1. Pairs, please: C-beta under 6 Å, at least 6 apart or cross-chain, first residue over 21 Å from ILE179 (Cα atoms) and free of Cβ contacts under 8 Å to residues at least 24 places away in the same chain and in segment 152-167, second surrounded by 13 or more Cβ atoms within 10 Å (Cβ to Cβ) and hydrophobic (A, V, I, L, M, F, W, C)?
2. I'd like to know if segment 200-213 contains one or more residues that are modelled with pLDDT of 90 or more, in contact with a helix residue (DSSP H, G or I) (Cβ under 7 Å, 6 or more places away or on another chain) and assigned to a helix (DSSP H, G or I).
3. If only one of ALA43, ALA70, ALA66 is over 17 Å from ILE121 (Cα atoms) and free of Cβ contacts under 8 Å to residues at least 24 places away in the same chain, which one is it?
4. I'd like to know if segment 193-204 contains one or more residues that are outside the structural domain of GLY103 (by TED's automatic domain parsing) and over 17 Å from GLY127 (Cβ atoms).
5. Can you say whether ILE42 is at pLDDT 95 or above, touching a helix residue (DSSP H, G or I) at 6+ places or on another chain (Cβ under 6 Å) and part of a helix (DSSP H, G or I), as far as the supplied structure shows?
6. Checking GLU30 against (1) modelled with pLDDT under 95; (2) part of a strand (DSSP E or B), which test does it fail?
7. Do the conditions hold for LEU62, that is, is it crowded, with 16+ Cβ neighbours inside 10 Å, within 18 Å of the chain's Cα centre (by Cα) and under 14 Å from VAL9 (Cα atoms)?
8. Counting only residues that are of a type in the set (Val, Ile, Thr), modelled with pLDDT under 90 and under 23 Å from GLU24 (Cβ atoms), give me the helices (runs of 4 or more DSSP H) lying completely in segment 64-130 with at least 2 of them.
Amino acid sequence: MTRIRVALVDDQALFRAGIRMLIESQPDLEFVGEAGDGAAGIALAASSAADVILMDIRMPVLDGIAATEAIVAASAGVSGPPRVLVLTTFDLDESAARAIRAGASGFVLKDAEPEFLLASIRTVHAGNAVIAASATRELLEHFAARAPQPVAPPSFETLTPREGEIFVLAAKGLSNTEIATREFLSEATVKTHISRILGKLGLRDRVQLVVFAYEHRLVD
């Protein structure tokens, strides 16, 4: 069994120790390193070949947003790039929203249940996005408030009518299974459409698709 390689970047030693023990208790996860600030986190991402990086936002030397942006930029065009899962103390603030913009695949609260954090790691590794459930509405409102009028960028016009329909359903939070059932398609076909949509729009994953949709007022 190929294990998911997980790295952790957080400035609290006690918190790092707890997360390390949690990761090491899972047969399908491998803890590959830790760092105490964003600059060290960038170096860790380059040396550890981590699949998923758990990233704190507020840290000394370099914060988690800047570190996330650097890690995402460095992995552009790389096959199987690391996914960044942001750890935050608050349901939603400007920093969490900025982390999503920087390329994070989602965020979870530091006080989340261990099972939820573990599930989130597996989810982002599979290429999906995770947003703390309590913050989803606030996150969408945050981005929607920035676009008072619908503005469809040129890249959106490159979608086929069918891709446009699937885009809207995905932006509303429907899973591949739910979209497949609703549109009478196979899940494999839906997955292919989602991949093409992300490619055409220059997006990394579903969380950026949702942000894109609400930011440009392409869904209600």
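The values are calculated or read from the model by the stated rules, or taken from the named source; none is laboratory data. Given the structure is predicted, the values throughout are model-derived calculations rather than measurements. No Cβ is skipped: glycine too gets one built from the backbone with ideal geometry, and neighbour counts run over all protein chains shown.
1. Close Cβ pairs satisfying both conditions: none exist.
2. Looking through segment 200-213, at least one residue is modelled with pLDDT of 90 or more, in contact with a helix residue (DSSP H, G or I) (Cβ under 7 Å, 6 or more places away or on another chain) and assigned to a helix (DSSP H, G or I).
3. ALA43
4. Checking segment 193-204: not a single residue is outside the structural domain of GLY103 (by TED's automatic domain parsing) and over 17 Å from GLY127 (Cβ atoms).
5. yes
6. (1)
7. It is false that LEU62 is crowded, with 16+ Cβ neighbours inside 10 Å, within 18 Å of the chain's Cα centre (by Cα) and under 14 Å from VAL9 (Cα atoms).
8. Because the criterion is at least 2 residues that are of a type in the set (Val, Ile, Thr), modelled with pLDDT under 90 and under 23 Å from GLU24 (Cβ atoms), the helices (runs of 4 or more DSSP H) in segment 64-130 that meet it are 114-125.
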